[in-house]
Amino acid sequence: MNKFGKGKSVVIFIVTILCMVALGLLAGFGFGEKSTGAAKNIILGLDLKGGVSITYEVVDDEFTKEQLEDTKYKLELRVANYSTESEVYTEGDNRITVDIPGAYDAEKILNELGQPGSIMFVTEAESGYTGDDTYKAYTAKDGTVYKVWIDGNDVEKAQPISGSDSKTGATDYQVELKLNDSGKQKFAEATTENLGKSISIIYDEQIISSPTVESAITTGSAVINNMGSYEEAEKLASTIRIGSLSLQLKEVSSQVVGAKLGNDAISTSLKAALIGLIVVMLFMIIVYRLPGLVASIALAIYTVFELLVLNGFDLTLTLPGIAGIILSIGMAVDANVIIYARIKEELAEGRNVDTSIRTGFGKATSAIIDGNVTTIIASLVLMWKGSGTVKGFAQTLAIGIVLSVFTALVVSRLLMALMYNMGCKKVGFYGVQKERKTIDFLGKKVVWFTISVIAIVASVAAMIIGSATGKGAFNYSIEFKGGTSTTVTFDKEYSIDEFNDNIKPELAKVIGNNDIQGQKVTNSTQYVIKTQVMDTDVRSQFKEVLVSQFNADEEMEETNISSSVSDEMRSNAIVAVILATICMLIYIWFRFKDIKFASSAVLALVHDVIIVIGFYAISRTTVGTTFIACILTIVGYSINATIVIFDRIRENLAIVKNSRSIDLKDIVNRSITQTLTRSIYTSFTTFVMVFVLFIFGVTSIREFALPIMVGIICGGYSSVFITGTLWYVMSKKKYETKKTK
């Protein structure tokens, strides 16, 4: 700790604080137009700020439900370029609506999105060509006849990539194509017959590109090279994707819509964040003294970095995203708790402050790295396989993990060294870990397992009973099961906050739930109100309330809408979670050299997820897009807590590895006891952040915070009482018979 003298340390500390303040001013405070600095440029989602809503109608006279769903899915992929938080859903039997957050120029979006039409890869045909069973003919406006080799139905994927010119080494912007089995065969024939010639791409009756065939392509994968820029490549790839729709669409309406939740949602969430942050900081200072002050400064820096990165990566921020950031602040304390608990342990062993700080950081590093790597693996898999809100959540999660590790292992270490060199060298500044008698957790393993079994059985039973009684296993939201969209014209303008505070509660009384979304059509007195499907009587009462209490026009346009969470998004989320779990299992197995560590960690994770899902079923909390974010948060939180205990078991096993016999029960009990402070403190700080959100948040944020609180309690319980116990049950035979030669 003596790298810098006292004078230099004071200077560096002051410069660090000034830099933090400068970054804070650069980042700004809050979100949206009332914020300052970079935070003002953070893209807000439909729920917080609104955006553009475009409705398309199918041109084709005859089409199947499967074709409509396929078209909807491909539009989802297309609009994901604007934001991962974009929503796409069907209206009635032949319309698809696209909602894009953070955009307010409907005409510009329409031009960029393009008129969804058909795309064809063609070559000029001989005079008189009329097509055959495999390759049809296409006649252009100027009378030119083309042979159509493949069309949009043959294209699976089109994306921009950056390559390198083999001759000059310069950057070559390209479009990468992947064809399905039918397209692969036809494209192989097309490129074989047209070597050295051009194959033109026609979209919406215009030739948009004519790349030259340099070699026969038989693999089903191809690239269109020599694009002028990445933007040009991206535009062509987007056009190919939009032209791959199963059905042809025409735009029938476009409008700018306001936020779903209004300014109250942002202000209350920020108030909750500030209160929670202050409580956590005070707690850390009281418990850890000087290190707690360092942790508080590091948390402030973490929050500033988070705002800057959100702006830098152009991520769309929704209300669950804000909640996720607030939650991550609580979780970011975890790494500091692990480090400072280690420092106090080293001081209790009689080591001096300098050595204790160095050793504390060193011993804590493995647990911090392993715990966060497992979560970063999960987030990377979710970014790879997930879509929509799942991908957006994964991006925010990954950023939070990287920043929390950086602030704990780099920023906190630097600040601690500066504090020490500035004269804070007395043990009293850091505190000493009081000796704690080893608790016999394993002695009551039957009790812990019984509690878990009862909770799991109750969770599964709630789902079964809900299904059997006709209520459904879960109370699915509009995003999950669709509903009704009603366009209402009032006699005056209502702000979204007025709608949420005055109109929405009255409508909720009529339909019996709070799953109501209202969006104001900009520069009008109209609102688009989305609800779950209503029967005839409820619909009549719904209209009556709007007309009699709020002077709405009796003429209201109604249409059924599909879920905005598509089947593909759900299946992608499930596949992503399964893959993430498998990857985490493999990593834990690799790091701990014992499959029993990995399997018990995953079993505990499944235990937590089932109970949280069961809570949704028992409480009838609305299952919407926040449900996916909630479950993924619990997965990351649960595995992180488990790793800390396993790391201590591994460390204690290494100490006694050469003993004649190993008292495995004592090692596990001691390891859980040694990490108990961390388990309690981390659960407390995270719970505080979410509890304040629950107290101050709007209805939708409460429906996100409540299951998270259940998950935090459940994750804390499983990490202390279940994971170590599971590993002991699996491993005791091996260690009980272990003898040294």
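Quick note: the coordinates plus some simple rules give every number you see, no bench work behind them. Treat the numbers as computed from the prediction; the structure is a model and nothing was measured. Backbone-built Cβ (ideal geometry, glycine too); neighbour counts: all protein chains shown.
Among beta bridges from DSSP that stay inside the chain, the antiparallel ones total about 95%. For the range 476-482, 3J(HN,Hα) computed residue by residue from phi via the Karplus equation (6.51, -1.76, 1.60; θ = phi - 60°) reads 6, 7, 4, 4, 8, 10, x Hz, glycine and proline entered as x. Here the Karplus curve 6.51 cos²θ - 1.76 cosθ + 1.60, taken at θ = phi - 60°, turns the phi angles of the range 681-698 into couplings of 5, 5, 4, 5, 5, 5, 4, 4, 4, 6, 5, 5, 4, 5, 5, 9, x, 6 Hz, with x standing for Gly and Pro. Straight-distance candidates among the lysines for linking to K509, with alpha-carbon spacing under 24 Å and chain neighbours fewer than 8 residues away dropped: K260, K471, K481, K492, K520, K530, K543. Less than 5 angstrom separates the built amide H of T218 from none of the residues sequence-distant by 5 or more or on a different chain.
Taking square-rooted eigenvalues a ≥ b ≥ c of the alpha carbon gyration tensor, is the range 161-230 rounded, prolate or oblate, where a/c under 1.5 means rounded and, failing that, a/b exceeding b/c means prolate? Here the range 161-230 falls in the prolate category. Listed by chain and number, the lysines placed with their C-alpha closer than 19 angstrom to that of K8 are K425; residues fewer than eight positions away on the same chain are left out. The sum of -39500 (n - 2.57) across all DSSP H runs of n ≥ 4, divided by the residue count of the chain, sets its helix-only mean residue ellipticity at 222 nm to -18500 deg cm²/dmol. Measuring between alpha carbons in the structure, the pairs from K344/K445; K65/K147; K444/K732; K178/K235 lying more than 21 angstrom apart are K344/K445; K65/K147. For the range 443-575, the relative contact order comes to 32 percent (Cα pairs under 8 Å, sequence separation of at least 6).
Each Cα pair under 8 Å and six or more residues apart adds its sequence gap; the mean of these over the residue count of the chain is a relative contact order of 16 percent. The peptide list 648-657, 604-613, put in order of mean Cβ contacts within 10 Å with the highest first, becomes 604-613, 648-657. Could you state the number of Å between the C-alpha centres of the range 657-731 and the range 186-201? Cα centroid to Cα centroid, the span is 61 Å. Taking amide hydrogens as placed 1.01 Å from N in the peptide plane, the amide H of Y173 sits under 5 Å from those of G163, N226, M227, each at least 5 positions away in sequence or on another chain.
Residue-wise HN-Hα couplings along the range 579-584, as the Karplus relation 6.51 cos²θ - 1.76 cosθ + 1.60 with θ = phi - 60° gives them from phi, are 5, 4, 4, 4, 5, 5 Hz; Gly and Pro carry x.
Note the listed values (i) 150; (ii) 210; (iii) 275, then indicate which one is volume of the Cα convex hull per residue in Å³ calculated from this particular structure. Correct label, based on the coordinates given: (ii). Put the Cα centre of the range 339-414 next to the Cα centre of the range 54-77 and the gap is 45 Å. Packing, as the average of other Cβ atoms within 10 Å across residues, places the peptides 332-339, 93-100 in the order 332-339, 93-100, highest first.
Which order do peptides 223-233, 634-644 fall in by mean Cβ count within 10 Å, highest first?
With the highest mean Cβ count within 10 Å placed first, the list reads 634-644, 223-233.
Near S209, the amide H atoms lying under 5 Å from its own belong to I201; only residues 5 or more places off or on other chains count, and H is placed 1.01 Å from N.
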